[in-house]
1. List His119, His63 from most exposed to least, where exposure is judged by having the fewest other Cβ atoms within 10 Å.
2. Once you compute Rg and the Kirkwood Rh from C-alpha atoms, what is the Rg to Rh ratio for segment 28-98?
3. Give the average over all directions of the projected area of the C-alpha convex hull of the chain, one decimal, in nm².
4. Could you work out the local net charge near Trp33, counting Lys and Arg as +1, Asp and Glu as -1, over the other residues with Cβ closer than 12 Å to its Cβ?
5. As a footprinting exposure proxy, order Leu24, Leu77 by other Cβ within 10 Å, with the fewest listed first.
6. In segment 19-120, which trypsin sites (Lys or Arg not before Pro) are in a loop and have at most 13 other Cβ atoms within 10 Å, using DSSP for the loop call?
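Readers should treat all values here as calculations from the given coordinates under stated rules, not as data from a laboratory. Nothing here was measured: the structure is a model prediction, and the numbers come from that model. All Cβ positions, glycine included, derive from the backbone under ideal geometry; neighbour counts span all protein chains shown.
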Amino acid sequence: MSMSTTELAERIAALEAEERELLLPSFSYEDAWTVGLRLRELAAEGGLPVAIDIRRGEQQLFHAALAGSSADNDSWLARKAAVVRRYDAASLLVGYRFEAKGREFNTDTQLPFQEFAAHGGAVPVRVRGVGLVGTAAVSGLAGHEDHALVVRALRELIG
């Protein structure tokens, strides 16, 4: 189901506002573990078949896979996180921006499909005054649901 131009513009604006809000004071190894554990708790409570990945730079600091997820989810995690690192924006936002321009991400970027996926679920981890320091990602649900789960955990970390 495609969105109207107005609905797409509204979603892009909301995601851009969300990214301005999601600024952490710092992001330590302990913070990565806290976010990862919270995502795992939320997923377990909801019986969600997801895989979770938290990275600082290229280093994986947390990974978990819940029942019902598969190795395919690990591939999606890596591909969505690669989009965040390349475009400095949430994977869902990048996908919406391409759609708003009437473009198809994989075709128009000519990036390898096996390495990049502009689908929801990977969110930039940014530190105030520093910028992008990592990614938090979930795979296993619809893209916007993966995204919302990550945002919830990051908001809780910010307080």
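1. Result, fewest neighbours first: His63, His119.
2. Working: Rg = 12.7 Å, Rh = 12.9 Å.
Rounded to two decimals, Rg over Rh is 0.98.
3. 9.0
4. Numbers: positive: Arg38, Arg40, Arg56; negative: Glu30, Asp31.
The answer is +1.
5. Placing the least packed residue first, the sequence is Leu24, Leu77.
6. Values: sites: Arg20, Arg38, Arg40, Arg55, Arg56, Arg79, Lys80, Arg85, Arg86, Arg97, Lys101, Arg103; in loops: Lys101, Arg103.
The qualifying sites are Lys101, Arg103.
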